[in-house]
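I have placed the structure first, in the form of structure tokens, so that the comments after it can refer back to it.
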Ligand code: MCN
């Protein structure tokens, strides 16, 4: 295996284990003595809790405890933390670990039952009697915006936040422009739906006064901080371990989820392991959703389609609680701009409470909505002017020489919106060739001759990835010659073990297979922010590279002493340090690791080799640790970017719509993607494939169907339509562009969300192109298309 693995399409080393059933997930932790929790959840979307009678539940054989909010004290009884405050978030509501005196959505946890097994816990939960005063719920964006009925009596207009960002005088630019169009784009509610739901297992060691928590999270250090604070423990009393996680896609970013408080809280009180594994229905009604937005666009443009002024108003459905601040609407309102820079811009978003499941970032986090609005607006400008859709976009592209680009707006990380690098015209040209844009009309004519309807659609996007504040990495050369790497971010299937090993193998000059990576375990690495916002590669990758560079430097220095050479004359080849070009001088890095330790016993081959250099187990001729030095061959470093780096891409899709049934078939899907330097193109392409599959779900099928009473009418996979393999394009044509980021040592940008961002925009555009019927919402299912046809073309 190559030691210059960076950039190679190496197969993911974690996969053989995961696909042969050897993964270890939270639910795999524990034994027969473990107690199981089940939650009594609200059947009402909005209700006051008058009384809770848990006594029948207590009577069930095997029930150990029943807890309500009244049992909680101190910080555990306080509202859950607001994770990312924002000055415009004037009315934050975050909820409680167990509902206090009111429930605000169906599925909200009210009572926890702990029993000897899950069946007993579930049965007993069904016996808890709760007396509710049922209140009228607020469901749907338009109803929330009308403000006639309120989710919280003390929050007028249901508005958690109203926020405006602008540059230039957009209103005048729009009004004075030669042409003006107005639209309303309607994006439905959807959700992440990872294969593994949430799960928590807690163990309390009363002797050590130490809590160990296994949880399916995207931020182990975040959970540790929140849980220790909520349970009144010192940070050092809590270890959080994230074992294998079966997908997150954003929903596992919240910390703490109520169950992450309640399960350890019970474990401490009961002195027994307690666990909870979410079932699918719970996931539907008590985890998080996203997307739901109404975007109103007012655009002014010239004869070439250049956007002179753009005004956007966004209504954002935030559900009943806002634990995660305003990230989603901020992303929608800033990333809407994509690869363009309108002459003037004003966006206002209103974050509204509704009596539905809370909203937190879902892969793309607001960008699919913003991009939908912008890209569909570009399509309509082209249509209005009778111009080519790619040409109108090209007229608006930021040019390569314009970077860095400052917008005078604020990004979701609290830093200025500043694009670092990119080449959008080059993306467009690659896409034109990849999808066969110029040949499409010929294809359409041929299809028409056969009685078929086909259409083509486009979607461009720019994505701020790798936000700070920091991530760290620890790299340690073991005496065996293997290299251990630890970073705090967690993995949900992104292939971090492989990619980070590639970085270290390249930086250190060691075989890729000899690098062992650990993620998401606070015992190994205690400082971290987490895996979201496509930041793993940029943040942890950079930190690990910096740490590996330090290790390399020390390895060369130590080996130089041993080989009586100048460090500058040495190189590391396949894990051996040698005088450049002279393998006869080679000494293994494991041996150098032994040399780095003043106390050496000849336990193993590396130690025996080391004693040859130093003349004995302890080298008394030198101070064992030079001033300012340290034993061991390991280093830690951190990376903190000045601001986010901006990846970009463009999708094009060709669809066929059945003239009779309105079935929508994707004939071709093309992606051109720029995430700067790629660590592993195979992983990047896998990320794009997964993202496109999720995007197809959002574009064509997925809706959280709330009725007026706030009941989720399709809370199972029988009714919530996720695309099967039969609906997802079987092949996706991908081409890459690499514009390195100047902001980090590896020149990388994030890739994890790219596939999902413009998918809906491109597919909606293709359907519109095939049908000639305006498509203004996401998703557009075959049955909706059927209805639209009837409305547009009554017989
Ligand atoms: N990568 C690369 N070269 C680059 C950029 C990335 O080789 N220039 C690789 C990385 O090394 C990593 C993968 O691509 O293995 C994704 O990297 P990155 O873009 O940094 O994203 P994160 O590691 O931060 O992962 C989070 C991102 C997000 S925000 C969501 S949501 C998401 C996603 O990744 N959730 C996922 N991809 C997912 N994939 C799986 N299987 N499961 C999820 O829950």
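The values are calculated or read from the model by the stated rules, or taken from the named source; none is laboratory data. Fair warning: this is a prediction, and the values are worked out from it, not measured in the lab. Heads up, the Cβs are rebuilt from the backbone with ideal geometry, glycines too, and the neighbour counts pull from every protein chain shown.
Can you confirm whether the stretch 232-243 contains a residue that is crowded, with 24+ Cβ neighbours inside 10 Å, within 16 Å of the ligand (Cβ to nearest atom), assigned by TED's automatic domain parsing to the domain that holds residue 118 and modelled with pLDDT under 95?
No; the residues of the stretch 232-243 include none that is crowded, with 24+ Cβ neighbours inside 10 Å, within 16 Å of the ligand (Cβ to nearest atom), assigned by TED's automatic domain parsing to the domain that holds residue 118 and modelled with pLDDT under 95.
Of all residues in the stretch 726-739, count the ones that are within 16 Å of the ligand (Cβ to nearest atom) and assigned to a loop (DSSP other than H, G, I, E, B).
Taking the stretch 726-739 as the starting set, the residues that turn out to be within 16 Å of the ligand (Cβ to nearest atom) are 728, 732, 734-739.
Now drop any that are not assigned to a loop (DSSP other than H, G, I, E, B), which leaves 728, 732, 737-739.
Of the residues in that region, 5 qualify.
Residues are listed down the side, and each one gets a yes or a no for (1) within 9 Å of the ligand (Cβ to nearest atom); (2) over 28 Å from residue 331 (Cβ atoms); (3) in contact with a helix residue (DSSP H, G or I) (Cβ under 7 Å, 6 or more places away or on another chain):
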residue	(1), (2), (3)
462	no, no, yes
466	yes, no, yes
472	no, no, yes
478	no, yes, yes
486	no, yes, no
507	no, yes, yes
513	no, yes, no
533	yes, no, no
537	yes, no, yes
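Mind listing whichever residues of the stretch 274-298 are more than 14 Å from the ligand (Cβ to nearest atom), touching a helix residue (DSSP H, G or I) at 6+ places or on another chain (Cβ under 6 Å) and either free of Cβ contacts under 8 Å to residues at least 24 places away in the same chain or closer than 25 Å to residue 211 by Cα (or both)?
Correct list: 274, 276, 277.
The rows are residues; the columns are (1) buried (at least 23 other Cβ atoms within 10 Å of the Cβ); (2) assigned to a loop (DSSP other than H, G, I, E, B); (3) more than 16 Å from the ligand (Cβ to nearest atom).
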{"position": "720", "(1), (2), (3)": "no, yes, yes"}
{"position": "741", "(1), (2), (3)": "yes, yes, no"}
{"position": "744", "(1), (2), (3)": "yes, yes, no"}
{"position": "755", "(1), (2), (3)": "yes, no, no"}
{"position": "780", "(1), (2), (3)": "yes, yes, yes"}
{"position": "786", "(1), (2), (3)": "no, no, yes"}
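Within the set of pairs 6+ apart or on separate chains, which have a first residue in the stretch 656-685 that is part of a helix (DSSP H, G or I), a second that is more than 10 Å from the ligand (Cβ to nearest atom), and C-beta atoms under 6 Å apart?
685/734
Out of all the residues in the stretch 254-269, is one or more part of a strand (DSSP E or B), in contact (Cβ under 8 Å) with a residue 60 or more places away in the chain and under 26 Å from the mean Cα position of the chain (by Cα)? Spell out the reasoning first.
Quick first cut of the stretch 254-269, residues part of a strand (DSSP E or B) only: none.
Checked against the condition, which is being part of a strand (DSSP E or B), in contact (Cβ under 8 Å) with a residue 60 or more places away in the chain and under 26 Å from the mean Cα position of the chain (by Cα), the stretch 254-269 yields no hits at all.
Going through the stretch 290-306 one residue at a time, which ones are part of a strand (DSSP E or B) and surrounded by 24 or more Cβ atoms within 10 Å (Cβ to Cβ)? Explain how you work it out, then say what you get.
First, the residues of the stretch 290-306 that are part of a strand (DSSP E or B): 290, 293-301.
290, 293, 295, 299, 300, 301, listed by residue number.
Take residue 57 and tell me if it is in the same structural domain as residue 281 (by TED's automatic domain parsing), out of contact with any strand residue (DSSP E or B) (no Cβ under 8 Å at 6 or more places or on another chain) and crowded, with 17+ Cβ neighbours inside 10 Å.
Against the criterion (in the same structural domain as residue 281 (by TED's automatic domain parsing), out of contact with any strand residue (DSSP E or B) (no Cβ under 8 Å at 6 or more places or on another chain) and crowded, with 17+ Cβ neighbours inside 10 Å), residue 57 does not qualify.
Can you name the residue in the stretch 133-155 that is more than 22 Å from residue 100 (Cβ to Cβ) and without any contact (Cβ under 8 Å) to a residue 40 or more places away in the chain and is also farthest from the chain's Cα centre (by Cα) among such residues?
148
Just checking, which of 441, 401 is within 21 Å of residue 342 (Cα to Cα) and modelled with pLDDT of 95 or more? Quick ask: steps written out before the conclusion?
On the way: 441 fails: within 21 Å of residue 342 (Cα to Cα).
Every option except 401 fails the conditions.
Quick one: count up the residues across the stretch 686-713 that are touching a residue at least 60 places away in the same chain (Cβ under 8 Å) and either part of a loop (DSSP other than H, G, I, E, B) or away from the ligand (no atom under 15 Å from the Cβ) (or both). First the steps, then the outcome.
To start, the set of residues in the stretch 686-713 that are touching a residue at least 60 places away in the same chain (Cβ under 8 Å) comprises 686-704, 706-712.
Of the ones still in play, those that are also either part of a loop (DSSP other than H, G, I, E, B) or away from the ligand (no atom under 15 Å from the Cβ) (or both) are 696, 699-704, 706-712.
The total comes to 14.
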